[in-house]
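Colleague: My structure is below; once you've seen it, I'll send some questions.
The numbers here are math on the coordinates, done by the rules we state, and not lab data. These numbers come from a predicted model, not from an experiment. Cβ sites come from the backbone with ideal geometry, for glycine too, and all protein chains shown count toward neighbours.
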Amino acid sequence: MNADKKAVLQVKARGGYGRGIGLLPGALVALGFVASGCSKGTEVEAAPTVTVQVGAAENQTIERKVSAEATLYPLEQSAIVPKITAPVKKFYVEKGSKVHAGQLLAELENSDLLASQKESEGTIAQAEASYEQAVQKAEQDRQLAKETLDAAQKLYDARKELYKQGAVSAKDVDDANVAFIQARNAYEASQKQLDLKMAEGQLAAAKGHSAGVEASVSYSKIVSPIDGVVTDRPVYPGEMASNSGPIITVMNLSQIVARAHIDQQEASQLKVGDAATISVPGQPGALKGKVSLVSPALDPSSTTVEVWVQAPNPGDRLKPGSDVQVQMVAQAVQHAIVIPAEALLTGSDGTTSVIILDTDNKPHKKKVKVGIRDAGDVQVTEGLQGGERVVTVGAFALSQEDDPILAKTNIQVQAPPNIPDEDDDEAQ
C-alpha cells in the first residue's frame with residue numbers, strides 16, 4: 001500500500017468591512033487533496049473549504065445623499081451705514097450685545113438739526129396763518145363778486161325791458177351789458193381763488209421742508225432693523241460717522257445658512273425642504289436643517305448651482321465665515337432591500353451579482369439589480385427578497401469558481417473581530 005499524500009493550498013482573501021462586521025485580516029481558502037490505495041490505488045478529490053464572512057439583506061430605509069463643502073452665513077445681517085455725516089454722540093451697545101428690532105443703538109450729534117427743526121416749525125406756523133387769511137379773503141371776494149354779479153344781472157334785465165317800452169336808450173342797455181360782463185368775469189376770477197392756491201403752495205413747501213428736517217433728526221438716531229447680536233462696531237464715540245462705511249453690524253445667528261456650489265446633475269435631484277445636516281470637519285455632532293434654496297440659475301464663473309441649507313444654531317455654536325460640510329437627502333426609499341456594498345460583485349460587462357448562502361451554508365451566485373448607493377450600503381431593486389445571507393469577505397474568490405466547483409464548496413462562516421465603536425474610542 002502506498003503512503004498517503006496530502007497537499008494544502010492557502011489563499012489569503014482581501015479583507016473588508018461588513019454590516020456590523022470588523023476588518024478580517026485574511027480569509028483562508030483551503031483545498032485538500034487526499035490520495036490512498038493499494039498497488040492499484042485511485043485518487044479522490046475532496047470538496048474545497050472556504051472561510052468567509054457574511055452580511056444580511058435587510059429591509060430598511062436607504063437614502064441618496066448629496067455632500068458638498070459650504071461656507072456659513074447668518075440668517076440675516078445688517079451693516080448699518082448712517083444717512084448723515086456727524087460725530088458719534090453716544091453708543092448704547094457694545095460688540096457682542098444682543099439687540100432687538102427697533103432698539104436704539106447709537107446717537108449722532110444733532111444740535112444743528114434740532115435748531116433747523118425749530119425754524120421749520122415756525123415757518124409752518126406762518127404758512128398756516130397766511131393760508132387761513134387767504135381762505136377768509138377768498139371767501140369774502142367770492143361773496144362780493146357774486147353780489148355784484150347779481151346786481152348787474154338785474155340792472156341789465158331791467159334796462160332791456162325799458163328799452164322795449166322806449167323808456168331808455170340803446171346806450172343805456174349797452175352800458176348795463178358791459179357792467180354785467182365785467183361783474184361776471186370778476187366772479188369767475190374769484191372762483192379760481194388764486195391767492196388761496198398760492199397760500200396752499202407756501203404751506204405745502206413749509207411742511208415739506210419740515211419733514212426733511214425731521215427725517216434728518218431721525219437719521220441721527222441709529223436703530224437696529226433686525227433681532228440679533230452686534231458683531232462689529234468699528235467707530236468710537238466722538239469720531240465722525242459718514243455714509244462711507246457701517247458704524248455697527250448686527251447679525252441674526254439664531255439660524256445659520258450654509259451656501260454650497262454643487263454640480264448641476266446632483267443639484268437637479270434636490271428641492272427646497274429636503275432634509276440636510278451641517279457639520280464642521282473635525283468636530284463632533286451635526287446640526288439638522290433643511291434645503292432652503294436651490295438656485296434656478298447657474299453660477300457663470302463655475303457653472304455650478306448654489307444651494308442653501310438652513311439650520312437652527314443653538315447657542316450661536318457655528319460662526320459665519322466657517323467652512324463646513326453639508327449633506328442633503330435627495331431621495332429616501334422606505335422598505336428597501338439593502339446589502340453591504342462589499343457584497344456586491346460587478347462583472348466586466350457591468351452586470352451585478354452577489355453570493356448568497358442557503359440554510360445548509362451552500363453558496364449560490366445570484367444576479368441582482370441595484371438602485372441607491374449610500375456609503376457602505378447598496379439598494380437591491382431586483383434579485384433578493386430580504387432576509388438572505390450575502391457573502392462579504394470572500395465573495396470575490398467564490399465568484400471566480402465555476403458552478404460545479406462552487407456547488408461542492410464547503411463554507412465556513414467566520415465571526416468578525418470585535419472592533420470598539422467610535423463612541424467607545426471617544427470615551428477613552
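Colleague: Measure up K98/K221; K366/K408; K288/K369; K95/K319; K118/K197 against 21 Å on the Cα-Cα distance and list the ones that go over.
Modeller: K288/K369; K118/K197, as the Cα separations exceed 21 Å there.
Colleague: Can you tell which of I256, I226, A341 lies farthest toward the positive end of the dipole of the stretch 216-346, using +1 and -1 charges on the Cβ of basic and acidic side chains (Lys, Arg; Asp, Glu)?
Modeller: I226
Colleague: Right, something else. Starting from the amide H of S322, placed 1.01 Å from N in the peptide plane, find each other amide H under 5 Å away whose residue is 5 or more places distant or on another chain.
Modeller: L72
Colleague: Taking amide H atoms as placed 1.01 Å from N in the peptide plane, list the residues 5 or more away in sequence, or in a different chain, whose amide H sits under 5 Å from that of T381.
Modeller: Long-range HN contacts for T381: K369, V370, G371.
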